[in-house]
1. Determine whether THR169 is among the polar types (S, T, N, Q), modelled with pLDDT of 95 or more and in a loop (DSSP other than H, G, I, E, B).
2. From LEU42, LEU14, grab the single residue that is in contact with a helix residue (DSSP H, G or I) (Cβ under 9 Å, 6 or more places away or on another chain), within 12 Å of ILE141 (Cβ to Cβ) and at pLDDT 85 or above.
3. Looking for something modelled with pLDDT of 95 or more and outside any helix (DSSP H, G or I) - is there at least one such residue anywhere in the stretch 127-142?
4. With the requirement that a residue be among the hydrophobic types (A, V, I, L, M, F, W, C) and crowded, with 21+ Cβ neighbours inside 10 Å, what does the stretch 139-159 give you?
5. Please go through the stretch 153-181 and give me each residue that is more than 18 Å from GLY16 (Cβ to Cβ) and either in contact (Cβ under 8 Å) with a residue 40 or more places away in the chain or assigned by TED's automatic domain parsing to the domain that holds ILE47 (or both), ordered by number.
Amino acid sequence: MQSAPQSTQYMAFLDGKRIAQGTDAQLAAFIAAQPQEQLSPLVFDAITGEQIDLSDPSAFSGANSATNVNAPSAARPGRPKLGVVAREVTLLPQHWDWLAQQPGGASVTLRKLVHNARRFSEGADRVRHAQVACYRFINAIAGNERGFEEATRALFAADRERFAEYTETWPADIRTEALRLAQDAFSSDPTAAVSPANGVPDTAS
């Protein structure tokens, strides 16, 4: 029996201080209880670092909890116990010919290839996700802090000491969350580091 997926956690900041953290429903209730003219927090996904647009009426509607994400899909033919999903794959004829000659056929071979690729890139993926999550967060909330550009370079260079040094003067709560989000970014393998040029803007430009 599978356990129910955990609710996404969010965190709210005001004037550099973390004022709340919890699920979308908890954050929505907290924000709704505050005088609107006195509260204009920045809210972030605690895992991805993405900022939540509070002007969007559906930002904390709960639509991603019980009604959509966790709702079972309609029954379809196949192997539901394995969670197999049928989607279109476009390959060249020679690729299909090669797959057809493999034990188990195209579907089994493709699943094995994906599984092996995921295992091979797991470390680099973890580093990249941490870098991007941390960058999203600090770019939105600490872009005007002293040492921001240097901290960003240290983040993408996987240099923990320099990142800690350049964030030393930041508000304590912002620095704490930045270090938490960046934890997996500081890999001992320098080849796992991701350059800002690979999808994240270079703040030096």
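The values are calculated or read from the model by the stated rules, or taken from the named source; none is laboratory data. Remember, predicted model here, so these are calculated numbers, not experimental data. Every residue, glycine as well, gets a Cβ built from its backbone with ideal geometry; the counts of neighbours run over all protein chains shown.
1. Yes: the conditions hold for THR169.
2. The match here is LEU42.
3. yes
4. Across the stretch 139-159, the qualifying residues are ILE141, ALA142, ALA151, ALA154, LEU155, PHE156, ALA158.
5. Hits for the stretch 153-181 are ARG153, PHE156.
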